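For reference, the structure is listed below as structure tokens.
The values are calculated or read from the model by the stated rules, or taken from the named source; none is laboratory data. Worth saying up front: this structure is predicted, and the values here are computed from it rather than measured. Reconstructed Cβ throughout: ideal geometry from the backbone, glycine too, with neighbour counts over all protein chains shown. With ligands, DNA and RNA removed, areas are computed over all heavy atoms of the protein, side chains included. Shrake-Rupley method; radii C 1.70, N 1.55, O 1.52, S 1.80 Å.
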Amino acid sequence: MTLSQDPPSILKPSTFITPNIPPKTEAAPPKPDPLKYSPIRLPATECLIKPQVSLAPFTSFRVGGPAEWFVSPRRAEEMQASIDWANQEGLPVTLLGAGSNLLVSDRGLPGLVICTRHFRHAHFDAETGQITAGAGEPLVRLAWQAAERGWEGLEWAVGIPGTLGGAVVMNAGAHGDCTADVLVNAHVLLPNGTTEILLPGDLGFNYRTSALQGDRRLVTQATLQLKLGADPAQVMAATTTHLKQRQTSQPYHLPSCGSVFRNPGPQTAGWLIEQAGLKGHRIGGAQVAQRHANFILNCGGATAYDIFQLIRYVQQQVEQHWSLRLEPEVKMLGEFQLA
């Protein structure tokens, strides 16, 4: 898409421009009582529930405060034991995969955060072309493993830095394809500890969303259906092409969450943001990327609140220009207080 093309007639620009908003700081969260927290080992497991673990290293933005409690199970029984413990303590549960589409508040998250990045297994059925994998399996790795076998259907996923579980919840996609196109079923863990198998029709899939968003059901594994019989060299070449397209058009040199806003159509969110003159706009350590305006970068020292303010500022400016409010694709977790 060339940037010189005229905007569609349904988008009417406004001449009113709001001056830059100076960065403001969010009130610091209260410090926890160190006597209240100590690590907890769950009986009959190797699971250690840790208190006050910073979530910044677990998100692609590299920002965010601490989890009140944090655990990273490797097996289904450890996942179940972790949820049982949270239920007994009356604590909310948050599932964290690769953290690639999240903005976690500087104030952190209450309750138990279950990190699934070690919850990995993958089975490739050569007779059916189905992949059954754990929620923590990186989507990129599954895409390459499928390509090496000559299985078609996941070439689009090679540039998405998330997990299979997150892809199901967000209906991740690229290049016109998405998770809903290849999903056979998803296993989810209910708050009461029972497991349910959901079909695509049960998940309310739509553009970058599903019925599991904001839901207490946790994806533990999923099965995908791919096409067999292609030349592995051709599938590898197509997968490589998809990766190069993303690397040349999107900024990956600094921490980000990928695309911040859903594309509203007929124009992309990035086009609307660029035409509003927001490329390079910065609040604190957060900046609208020069290469792709639908990316917000952590340029060093950014806080979650910097990023939150920049998201809101971009929404305001685009709405003033085009009478259209962009909807965030990034999921915001925790408390964000507007000054």
Report summary line: For strands (runs of 3 or more DSSP E) lying entirely in segment 34-96, having 2 or more residues that are touching a His at 6+ places or on another chain (Cβ under 7 Å) and buried (at least 16 other Cβ atoms within 10 Å of the Cβ) picks out none
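Given the criterion surrounded by 14 or more Cβ atoms within 10 Å (Cβ to Cβ) and in contact with a Gly (Cβ under 6 Å, 6 or more places away or on another chain), identify the matching residue among 182, 168, 158, 188.
Details: 168 fails: in contact with a Gly (Cβ under 6 Å, 6 or more places away or on another chain); 158 fails: in contact with a Gly (Cβ under 6 Å, 6 or more places away or on another chain); 188 fails: in contact with a Gly (Cβ under 6 Å, 6 or more places away or on another chain).
Unique residue meeting the criteria: 182.
Okay, residues lined up against (1) in contact with a Leu (Cβ under 6 Å, 6 or more places away or on another chain); (2) touching a residue at least 24 places away in the same chain (Cβ under 8 Å); (3) not β-branched (Val, Ile, Thr):
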| position | (1), (2), (3) |
| --- | --- |
| 160 | yes, yes, no |
| 187 | no, yes, yes |
| 204 | no, no, yes |
| 209 | no, yes, no |
| 212 | no, yes, yes |
| 220 | yes, yes, no |
| 226 | no, yes, yes |
Query raised in the report: With respect to residue 250, is the statement that it is surrounded by 18 or more Cβ atoms within 10 Å (Cβ to Cβ) and in contact with a His (Cβ under 6 Å, 6 or more places away or on another chain) true?
Result: no
Query raised in the report: Hey, among the residues in segment 307-332 that are in a helix (DSSP H, G or I) and of a type in the set (D, E, K, R), which one's nearest to residue 274 (Cα to Cα)?
Result: 319
Requested in this report: Would you mention how many residues in segment 217-231 are of a type outside the set (A, V, I, L, M) and open to solvent by 50 Å² or more (accessible area, probe 1.4 Å)?
Outcome: 5
Report task. Please work out if residue 270 is out of contact with any strand residue (DSSP E or B) (no Cβ under 7 Å at 6 or more places or on another chain) and surrounded by 17 or more Cβ atoms within 10 Å (Cβ to Cβ). Result -> yes
Requested in this report: Inspect all residues belonging to segment 301-315 and state whether any of them is within 20 Å of the chain's Cα centre (by Cα), open to solvent by 40 Å² or more (accessible area, probe 1.4 Å) and basic (Lys, Arg).
Outcome: yes
Query raised in the report: Just a yes or no: is a residue in segment 130-146 among the β-branched types (Val, Ile, Thr), open to solvent by 10 Å² or more (accessible area, probe 1.4 Å), in contact (Cβ under 8 Å) with a residue 12 or more places away in the chain and assigned to a loop (DSSP other than H, G, I, E, B)?
Result: no
Report task. Considering every residue within segment 297-306, establish whether at least one is touching a residue at least 60 places away in the same chain (Cβ under 8 Å), within 30 Å of residue 73 (Cβ to Cβ) and not in a helix (DSSP H, G or I). Result -> yes
Query raised in the report: Could we say that residue 335 is in a loop (DSSP other than H, G, I, E, B) and open to solvent by 40 Å² or more (accessible area, probe 1.4 Å) here?
Result: yes
